[in-house]
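**Student:** Below you'll find the structure I mean.
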Amino acid sequence: INLYIKNILHKKFKNQFIYLMIVLCLGYTLSQFLRISVGVLAPELMDTLHISHENMGVLGGVFFLSFAFFQIPSGILLDRFGPRRVMSIVILFAFLGSVLFALADNYHSLLIARILMGFGCSICLMGSLVLITKWAPSNFSVLAGTILGIGGIGGLLATTPLSMLADTYGWRSAFWISAIVISIIALLYFIIIRDDPKVVDDGEEEIMKDSLNILKIIRQRDFKFMVPMSLMSYSSFVVVLGLWGASYLKDIQGLNSMERGNILMLMALSWNIGSFVFGYLNKFFGGYKRVIMFGSCGIILFLIIISFIPILDLNYLFILFSLFGFFGAFPVALIAHYQSLHDKIHMGKALTTANFFNFGGVFLIQWITGKIIFFINGGALVASKQSYVCAFLFVAFSLFIALIIYMFSNEKKITTGESHE
């Protein structure tokens, strides 16, 4: 982080920004853990609480639906009241969700808990991106990739470590620990975050008035061409890591819980690495579209391969899923593309409006794939290979269509050090 900010901030703001980045990474780590945690626990939750594949799809996706629906209001709140106050308060809903999940003994309690978690975590990334735009807009893609990459440790913790914790102490213990961590992060948000390195702008009323006019963003030509990619980019990755990956590895590849957890952990680690790499590729290629095409094609190829491969040696599965994790980080470039199209004063509502479609897409894809697997499988708890094939090919085809539409969008050519203000 110190390397990234060496030449972009006045010396007196440097240490403050380092502390800011640390606490933002902590918050996003927590968000990643909660959103992915159901994936590795899916087989155990389905067995112990008798949850069907259809309901499991809803349980996995409702976090993202709740997350998505708060994006537009959070953009208004971020622009009006500033990230410090909004982030410190909203994340407490994730605390309530974690407590409820730890206490839940039926599907509907888990569902409500996931809704609260999604609502509480909805502010972690977008609040962070708004802060980056205010503190260091010229290095947005690199710093965004840093938060995504470091915060992705939460995804790692939600794989083998979570599986080991669940095997030893039960899955409920993980959410009691999460509740404690969330309360600490909320306090750190309030103590450390400063909305701007400069004096707060005097034009709050003007910002508020403009923030309410979300339709101005949605009506933009480029935004319309980018929405399908928003719906599919992150969802095509999370549908594997955060929902069906563990079940596929159990039902089709016959792996035990530790083997499944290790593969998903390596996949999450590869995603962390990819977040850093894709943050730099925008500047390397001088634009966004080729980067997003590169990442999308990698995801599509993976989904096709796992749809048709036979039972593989464990080492081949490690390689295949780690490559998928790397390519799954390409939405970093899409976030930077959105950021490049808007000025700083409207960045809160611009990024959160885009993120509404990102996380709305995750819910939609997880819900649809759950329906597909449930329908083809006839409701059985152990899914057939055919059901996974249909679900994964549906995701691959949808991402392909989104990519074609996205290529009609315009982009600002960028060079190293260029500001996107």
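The values are calculated or read from the model by the stated rules, or taken from the named source; none is laboratory data. Keep in mind that what you see is a predicted model, and the values were worked out from it rather than measured. Ideal geometry is used to build each Cβ from the backbone, glycine not excepted, and the neighbour counts take in all protein chains shown.
**Student:** Kindly indicate the residue of the range 38-89 that is among the hydroxyl-bearing types (Ser, Thr, Tyr) and surrounded by 19 or more Cβ atoms within 10 Å (Cβ to Cβ) and also modelled with the lowest pLDDT among those meeting that condition.
**Tutor:** The residue in question is SER74.
**Student:** Which residue pairs have Cβ atoms under 7 Å apart, sit 6 or more places apart or on different chains, and have a first residue in the range 307-331 that is under 24 Å from ARG290 (Cβ atoms) and a second that is in a loop (DSSP other than H, G, I, E, B)?
**Tutor:** Listed pairs, sorted by first residue: PRO331/TYR234.
**Student:** Enumerate the helices (runs of 4 or more DSSP H) found wholly within the range 128-189, keeping only those where 1 or more residues are hydroxyl-bearing (Ser, Thr, Tyr).
**Tutor:** Here the list reads 140-151, 160-169.
**Student:** Kindly indicate the residue of the range 147-157 that is of a type outside the set (Gly, Ala, Ser) and surrounded by fewer than 24 Cβ atoms within 10 Å (Cβ to Cβ) and also modelled with the lowest pLDDT among those meeting that condition. Walk me through it before giving the result.
**Tutor:** Filtering the range 147-157 for residues of a type outside the set (Gly, Ala, Ser) gives 147-148, 150, 153, 156-157.
Going one step further and asking which of them are surrounded by fewer than 24 Cβ atoms within 10 Å (Cβ to Cβ), we end up with 150, 153, 156-157.
Numbers: ILE150: 89, ILE153: 89, LEU156: 86, LEU157: 91.
For the range 147-157, the residue satisfying everything is LEU156.
**Student:** Out of the range 188-215, which residues are touching a helix residue (DSSP H, G or I) at 6+ places or on another chain (Cβ under 8 Å) and modelled with pLDDT of 65 or more?
**Tutor:** LEU188, TYR189, PHE190, ILE192, ILE193, ARG194, ASP195, ASP196, PRO197, ILE214
**Student:** If I filter the range 34-62 down to residues being under 20 Å from SER230 (Cβ atoms) and of a type outside the set (Gly, Ala, Ser), which single residue comes out as farthest from the chain's Cα centre (by Cα)?
**Tutor:** Among residues in the range 34-62 that are under 20 Å from SER230 (Cβ atoms) and of a type outside the set (Gly, Ala, Ser), the one farthest from the chain's Cα centre (by Cα) is VAL62.
**Student:** Inspect all residues belonging to the range 297-312 and state whether any of them is among the small types (Gly, Ala, Ser), closer than 24 Å to LEU399 by Cα and at pLDDT 85 or above.
**Tutor:** Scanning the range 297-312, I find at least one residue that is among the small types (Gly, Ala, Ser), closer than 24 Å to LEU399 by Cα and at pLDDT 85 or above, so the answer is yes.
**Student:** Of all residues in the range 146-182, count the ones that are within 21 Å of the chain's Cα centre (by Cα), more than 15 Å from ALA246 (Cα to Cα) and of a type in the set (S, T, N, Q).
**Tutor:** Result for the range 146-182: 2.
**Student:** Mind checking which pairs have a first residue in the range 246-266 that is within 13 Å of PRO310 (Cα to Cα) and a second that is of a type in the set (D, E, K, R) and buried (at least 19 other Cβ atoms within 10 Å of the Cβ), Cβ under 6 Å, 6 or more apart or different chains?
**Tutor:** LEU249/ARG260
**Student:** Condition check: in a helix (DSSP H, G or I), under 18 Å from the mean Cα position of the chain (by Cα) and not small (Gly, Ala, Ser). Does LEU65 satisfy that?
**Tutor:** Numbers: in a helix (DSSP H, G or I): yes; under 18 Å from the mean Cα position of the chain (by Cα): yes; not small (Gly, Ala, Ser): yes.
Yes, satisfied.
**Student:** Out of all the residues in the range 75-113, which are in contact (Cβ under 8 Å) with a residue 40 or more places away in the chain, assigned to a helix (DSSP H, G or I) and out of contact with any helix residue (DSSP H, G or I) (no Cβ under 9 Å at 6 or more places or on another chain)?
**Tutor:** none
**Student:** Let me ask something else about it. If only one of TYR28, TYR107 is touching a Cys at 6+ places or on another chain (Cβ under 6 Å) and modelled with pLDDT of 85 or more, which one is it?
**Tutor:** TYR28
**Student:** Residue check, ASP105 against (1) within 17 Å of the chain's Cα centre (by Cα); (2) more than 26 Å from LEU351 (Cα to Cα); (3) of a type outside the set (A, V, I, L, M), all met but one. Which one?
**Tutor:** In the conditions (1) within 17 Å of the chain's Cα centre (by Cα); (2) more than 26 Å from LEU351 (Cα to Cα); (3) of a type outside the set (A, V, I, L, M), ASP105 misses (1) alone.
**Student:** Which numbered condition in (1) modelled with pLDDT of 90 or more; (2) surrounded by fewer than 22 Cβ atoms within 10 Å (Cβ to Cβ); (3) under 16 Å from the mean Cα position of the chain (by Cα); (4) not basic (Lys, Arg) is the only one that PHE276 fails?
**Tutor:** In the conditions (1) modelled with pLDDT of 90 or more; (2) surrounded by fewer than 22 Cβ atoms within 10 Å (Cβ to Cβ); (3) under 16 Å from the mean Cα position of the chain (by Cα); (4) not basic (Lys, Arg), PHE276 misses (1) alone.
**Student:** Pull up the range 158-182, narrow it to residues that are exposed (fewer than 15 other Cβ atoms within 10 Å of the Cβ) and of a type in the set (S, T, N, Q), then point me to the one that is modelled with the highest pLDDT.
**Tutor:** Going through the qualifying residues, I end up with SER173.
**Student:** Kindly provide the set of residues from the range 33-70 that are closer than 25 Å to ILE147 by Cβ and in contact with a Leu (Cβ under 8 Å, 6 or more places away or on another chain), ordered by number.
**Tutor:** PHE33, ILE36, SER37, VAL38, GLY39, VAL40, GLY60, GLY61, VAL62, PHE63, SER66
**Student:** Please enumerate the residues belonging to the range 134-183 that are of a type in the set (Val, Ile, Thr) and over 30 Å from ASP105 (Cα atoms).
**Tutor:** If the condition is that a residue be of a type in the set (Val, Ile, Thr) and over 30 Å from ASP105 (Cα atoms), then VAL142, THR146, ILE147, ILE150 are the ones that fit.
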